[in-house]
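Below you'll find the structure, written out as structure tokens, and then a few comments.
The values are calculated or read from the model by the stated rules, or taken from the named source; none is laboratory data. None of these values were measured; they are calculated from a predicted model. Here the Cβ positions follow ideal geometry from the backbone for every residue, glycine too, while neighbour counts run over all protein chains shown. Note: areas computed on protein heavy atoms with side chains; ligands, DNA, RNA excluded. Shrake-Rupley method; radii C 1.70, N 1.55, O 1.52, S 1.80 Å.
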Amino acid sequence: MTLASSSVTRPARPGFATARPGNRPRPWRPDGRGLWGRISQAPTSLIAHPVMSCTSSASQDALGSAAVNDHSDAQRSASAAQLSRSITFVQFVLLIVGAALLLLPSHLHSLLRSLLLFAMPTLFLWMWRLLSSLNREAVEVIDAWTPAAAVSPAGGPPVLAPSGAICSKTPAKSRASETLSQLIRTPSMPPLATWGEPLGETFSLRSRSYLRTRVKQPSIASLFELVALDCFAMEDPADRFDIATRSDHWLRSERGSEDEDGPFTLLLNIVIPSANNLCLVAYFRPRVAGSLKDLELPEVRLFWDWVEGSDAFRNERLKLIPRVAKGSFLVQKGVGATPVLLGKKIKVHYFRTPRTFEVDLDVGSDPVANGVCRLVRDVMASSVCLDLAIALEGRSEQELPERMLGALRCEYMDFRTCAVPTPPRPL
């Protein structure tokens, strides 16, 4: 069948039936403005892995036009086949229902209608989830393929830019765990591919003039750098708190950890509601060399006031900034992106030694936080990339501008496999 000269017939795609006589095929837009055209121009890696890692690796940076050309047809075929199978299933169900109406006796029609009314919500729910999934994957592919995330070599197709990590819907960059300058490999460390450090510059905090203008600005590099991460599964629920003082902890065996000249370590212990008593412990150390107390900066003075202050003062100032870099709509709404003063929402415990300061977040102490944490925990391994940042709230001109203390990224982390069973605390 021929079309007008102003349009071009869409080529047949794998997994789709060709146009039948009497059906007019839709015109194909060679300029890529159509949805399928925009998806076909995206990098193959984004189509092949709809839940790909948010942190770019060397292999993704080296992606070239050859990979795009070799796999684009296969990926389009897989996406089309999924939609084709779904349509075939719906047609099959409608055929069975029509045959039942024709062949069943009339006195059984009322029973059939009752069964259809009972099954209709399930069918509509399935179709809604299918269409939502297809729409979400298409939007993520289109959003991820932005000019900021790609470069176009002369005479060649676009390829991924080799600068940092880019997440769909969130242009926040992060450092992979293996690239951390002070990385410490611990016995209870989760896989390196499942965690990292978001850059402090990607979070907006109060500016120096915030009290007058209410304007926020991107933070400079965080005061502390992420150096290690542990995931424990405790036998005794009470052992989830005060991790740093355990006699069998690697901090105790580290040289200089209890000396005045040793490194200062800030611990963020997230106590996760679970049957096996999980806790996720992030370790931060000063980003600058030398003693942190020697720095005459507003954020440093506020930090030491906070460390040496009372628990009430600590709860008034410590705030968490969550960010779902990748996840479902339900997870994004549940977690939110608004800074929250932790001491006003959940129970926070503080433990201090000469060279460590530990902050324990008892997430299960609040019913709402407990529910959100369980939701994120259960879907983290398959579809969630979560950023958590901590900062101290500045409330006077002398305490501004704010600066990020530290940040952690958990990326498709499976707590069922990465948690290390830990014996009870030694006496």
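The table that follows gives values for the structure above.
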{"read-out": "Checking VAL384 against (1) open to solvent by 10 Å² or more (accessible area, probe 1.4 Å); (2) under 23 Å from SER177 (Cβ atoms), the condition it does not meet", "value": "(1)"}
{"read-out": "Some residue of the range 389-398 being more than 24 Å from LYS345 (Cα to Cα) and open to solvent by 40 Å² or more (accessible area, probe 1.4 Å)", "value": "yes"}
{"read-out": "VAL215 being closer than 22 Å to PRO322 by Cα and open to solvent by 10 Å² or more (accessible area, probe 1.4 Å)", "value": "yes"}
{"read-out": "Those residues of the range 339-367 which are assigned to a helix (DSSP H, G or I) and not aliphatic (A, V, I, L, M), in sequence order", "value": "GLY343, LYS344, GLY364, SER365, PRO367"}
{"read-out": "Cross-chain or 6+ apart pairs with Cβ under 7 Å, the range 332-354 first and over 22 Å from SER204 (Cα atoms) and surrounded by 12 or more Cβ atoms within 10 Å (Cβ to Cβ), then at pLDDT 90 or above and among the polar types (S, T, N, Q)", "value": "ILE346/SER365; LYS347/SER365; VAL348/ASN315; PHE351/THR245; THR353/THR245"}
{"read-out": "Selection from the range 290-306 of residues that are surrounded by 11 or more Cβ atoms within 10 Å (Cβ to Cβ) and not aromatic (Phe, Trp, Tyr)", "value": "SER291, LEU292, LYS293, LEU295, LEU297, PRO298, GLU299, VAL300, ARG301, LEU302, ASP305"}
{"read-out": "Hits in the range 377-427 - residues which are of a type in the set (Ser, Thr, Tyr) and in a helix (DSSP H, G or I)", "value": "SER382, SER383, THR417"}
{"read-out": "Meets criteria (among the hydrophobic types (A, V, I, L, M, F, W, C), open to solvent by 10 Å² or more (accessible area, probe 1.4 Å) and outside any loop (DSSP other than H, G, I, E, B)) for LEU183", "value": "no"}
{"read-out": "Failed item, numbered, when ALA238 is tested on (1) at pLDDT 95 or above; (2) open to solvent by 10 Å² or more (accessible area, probe 1.4 Å)", "value": "(1)"}
